[in-house]
1. Got a sec? Which of A42, A49 is surrounded by 14 or more Cβ atoms within 10 Å (Cβ to Cβ) and modelled with pLDDT under 90?
2. Select from the stretch 29-38 the residues that are within 14 Å of the chain's Cα centre (by Cα) and either open to solvent by less than 100 Å² (accessible area, probe 1.4 Å) or at pLDDT 90 or above (or both) and list them in ascending order.
3. With a cut-off of at least 3 residues that are within 16 Å of the ligand (Cβ to nearest atom) and of a type outside the set (A, V, I, L, M), name the helices (runs of 4 or more DSSP H) lying wholly within the stretch 5-119.
4. Looking at I78, is it surrounded by fewer than 17 Cβ atoms within 10 Å (Cβ to Cβ) and touching a helix residue (DSSP H, G or I) at 6+ places or on another chain (Cβ under 6 Å)?
5. Name the residues in the stretch 78-109 that are in contact (Cβ under 8 Å) with a residue 24 or more places away in the chain and among the aliphatic types (A, V, I, L, M), would you?
Amino acid sequence: MTLNIEHYQKKLLEEKARLLRELKDVGRINPDNENDWEPVAANLNIDPAEEEERAEEISDFENRSAVEFELEKRFNEIERALERIEKGTYGVCSVCQKQIEEDRLEANYSAETCKTHKG
Ligand SMILES: [Zn+2]
């Protein structure tokens, strides 16, 4: 049984493109590290008298941070999976070195372990 790597690579690249679009909505690339994303900062140039507006801005920022964190985590998993395709180790369990079940990979294209060794 050989994996159809091209199929998974295509899926991974599609998801990567989608994640990048979503990341751009909530964050920007860290100017000091192009591999790191950071949430768009809160606009605190609001008149301190506008308390409600400030509170809203801060709560928006917290939401962006949480979303950005999850997207970046997923993005990094996709990146690692694409690297494994490059190295020829994609679809191999990192624990037992056996081939990861196809239905597990279908459910999660970036799975690094087989069903026996997941989580
Ligand atoms: Zn395993």
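The values are calculated or read from the model by the stated rules, or taken from the named source; none is laboratory data. All figures in this text were calculated on a predicted structure; none of them were measured in a lab. Please note: Cβ atoms are built from the backbone with ideal geometry, for glycine as well, and neighbour counts cover all protein chains shown. To get the accessible areas, we keep the full protein, side chains included, count just its heavy atoms, and leave off ligands, DNA and RNA. Shrake-Rupley method; radii C 1.70, N 1.55, O 1.52, S 1.80 Å.
1. Only one candidate qualifies: A42.
2. The answer is I29, D36, W37, E38.
3. Fully inside the stretch 5-119 and qualifying: 102-107.
4. no
5. Correct list: I78, A81, L82, I85, L105.
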